[in-house]
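Comments concern the structure below.
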Amino acid sequence: AQSVAQPEDQVNVAEGNPLTVKCTYSVSGNPYLFWYVQYPNRGLQFLLKYITGDNLVKGSYGFEAEFNKSQTSFHLKKPSALVSDSALYFCAVRDGGSQGNLIFGKGTKLSVKP
Amino acid sequence: NAGVTQTPKFRVLKTGQSMTLLCAQDMNHEYMYWYRQDPGMGLRLIHYSVGEGTTAKGEVPDGYNVSRLKKQNFLLGLESAAPSQTSVYFCASRRATGLGDSTDTQYFGPGTRLTVL
């Protein structure tokens, strides 16, 4: 069965420093991986996805993610964090069924301090 | 273009009461989803629909029913609410595209916060 794991419940970063939010996956077949962000009291917003091709995927708000097949990881990164990046981040993977439903990780709370 | 909207935003129920959550999308999407979000558990799929008149069970369907009578609407019903159904409920929709299509993403509504006493 497909699954994703986000090993950190919370990540704390100082503004201006690089940030990484970790995600590992377990799939049978090709992985289709996504990152979503949830700001307080809002719905989820799509950030980026990996389907195939370049291992470095660029997304919204300056975020990017690196797909690493050997380490089965899809970590979210940003070179310089902003206080406004503070939010809950979810990694997700397409399930193996024909409907293409998503399976979400438990989420990682990112806190960026000034 | 409002995207995905949910009604109501907040609701408090007593155990045993019933209610219906409404999700509407104006993007002509074929697929629609209902998730629940609980602390430390991420989002879990309750039910989904691949088109008007069709529904299917997700990961946690027990205690919920759904209907998709119109393409733009997806209703989630609780027939007899229980405290375990206290949660934030999110609706989402997406186009029925191939996996490689760049528009193949789910769009989420703002959520409904439900408390069952």
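Values in this text are rule-based calculations from the coordinates and carry no lab data. Remember, predicted model here, so these are calculated numbers, not experimental data. With ideal geometry, Cβ positions are generated from the backbone for all residues, glycine too; neighbour counts draw on all protein chains shown.
Some notes on this structure:
- Dipole of the protein assembly as shown [Lys/Arg +1, Asp/Glu -1 at C-beta], most positive-end residue of A:V112, B:A24, A:A5: B:A24
- Nonlocal amide H pairs with A:Y32, under 5 Å, H built at 1.01 Å: A:R94
- Whole-number percent relative contact order across chain B, with pairs defined as alpha carbons under 8 Å at least 6 apart: 35 percent
- Extents of chain A, taken as max minus min of Cα coordinates on every principal axis and listed largest first, are 44, 29, 22 Å.
- For region A:1-80, the list of trypsin sites (Lys or Arg not before Pro) that fall in a loop by DSSP and count at most 15 other C-beta atoms within 10 angstrom reads A:R42, A:K69.
- For chain B, radius of gyration divided by Kirkwood radius, i.e. Rg to Rh on alpha-carbons: 0.97
- nm² value of the averaged projected area, convex hull over the Cα atoms of region A:46-109: 5.1 nm²
- Karplus-derived 3J(HN,Hα), 6.51/-1.76/1.60, for each residue of region A:31-37, Hz, glycine and proline x: x, 10, 10, 9, 10, 10, 10
- Whether the protein assembly as shown is rounded, prolate or oblate, judged on the alpha carbon gyration tensor where a/c under 1.5 counts as rounded: prolate
- Of all the options A:A65, A:A14, A:A92, the one that moves most in a Gaussian network model of chain A with Cα springs shorter than 10 angstrom is A:A14.
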